[in-house]
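Taking it in order: structure first as structure tokens, then the write-up.
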Amino acid sequence: MNGYRPVVGVLALQGGVAEHASLLEQLGAQVVLVKRPEQLEGLDALVLPGGESTTIDRLTRIFGLRQPLIEAIAGGLPTLGTCAGLILLACEIEDPAASQQTLGLLDVRVGRNAFGAQVASAETTLDWQDAAGSVYPVRAAFIRAPRVVCVGEGVEVTARYRGEIVGVRQGNLLGISFHPELTGDTTVHEELLGLTSRAAASSP
Ligand code: GLN
């Protein structure tokens with residue numbers, strides 16, 4: 001990565017934080033575990049991990065992170081939301097829990113727990129379409145995963161599973177239903193790092 005070490009935040013309120021952090025470090029990033037609003041300053045990219053979207057939503061409000069997150073991401077910070085993180089990014093939830101809110105930034109509607117309960121968790125290989133249209137295999141784990149039920153204009157579908165949309169891209173935002181950080185597949189995280197402005201500036 002030419003000595004360039006992007007600074008990547010991982011929202012660290014609940015869920016699969018450590019797995020993202022170690023995959024990002026493996027890719028040469030400096031990781032900041034984000035628990036406070038001021039830790040969003042100076043980031044090159046951000047990951048919203050999987051976990052429980054209702055809990056993460058509540059905690060973002062309790063910790064005063066909801067509005068700073070909206071401002072940072074809407075301001076162009078490259079962001080990857082995985083599973084509960086995808087739900088958090090979405091504009092609309094088909095079946096929200098009582099009083100559940102989202103950040104409302106990714107123009108998709110999601111349906112929670114679309115592939116069954118925890119016991120129906122599965123690992124599979126998906127086709128991932130990058131921004132240039134090339135297709136790569138991605139090893140993906142599904143754990144009480146959401147599906148994307150509809151996408152707005154300007155949202156590209158990047159992956160499907162059992163006919164359902166499980167990966168999307170909208171400008172600097174990537175949303176995926178699955179967990180590549182649990183299988184160790186770096187494809188999606190590499191794409192996130194490629195979106196950082198200094199990476200874009202250093203590419204030919
Ligand atoms: N079903 C969970 C939710 O709605 C997401 C599961 C996950 O992130 N692995 O938040």
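Thr124 passes every criterion in (1) closer than 24 Å to Thr55 by Cα; (2) at pLDDT 95 or above; (3) within 16 Å of the ligand (Cβ to nearest atom) apart from (1). Considered as a group, the residues in the range 41-95 that are among the hydroxyl-bearing types (Ser, Thr, Tyr) and more than 9 Å from the ligand (Cβ to nearest atom) include one that is surrounded by the most Cβ atoms within 10 Å (Cβ to Cβ), and that residue is Thr79. Can you tell me which condition Ala21 does not meet? The list is (1) under 26 Å from Val155 (Cβ atoms); (2) touching a residue at least 12 places away in the same chain (Cβ under 8 Å); (3) part of a helix (DSSP H, G or I); (4) more than 11 Å from the ligand (Cβ to nearest atom), and all the others hold. Failed condition: (1). Of all residues in the range 30-39, those satisfying the criterion of being more than 16 Å from the chain's Cα centre (by Cα) and either in a helix (DSSP H, G or I) or crowded, with 18+ Cβ neighbours inside 10 Å (or both) are Pro37, Glu38, Gln39.
Here Gln26 qualifies as closer than 20 Å to Thr187 by Cβ, more than 12 Å from the ligand (Cβ to nearest atom) and at pLDDT 95 or above.
The values are calculated or read from the model by the stated rules, or taken from the named source; none is laboratory data. None of the values given here were measured: they were computed from a predicted structure. Because the Cβ atoms are built from the backbone with ideal geometry, glycine has one as well, and the counts that use them run over all protein chains shown.
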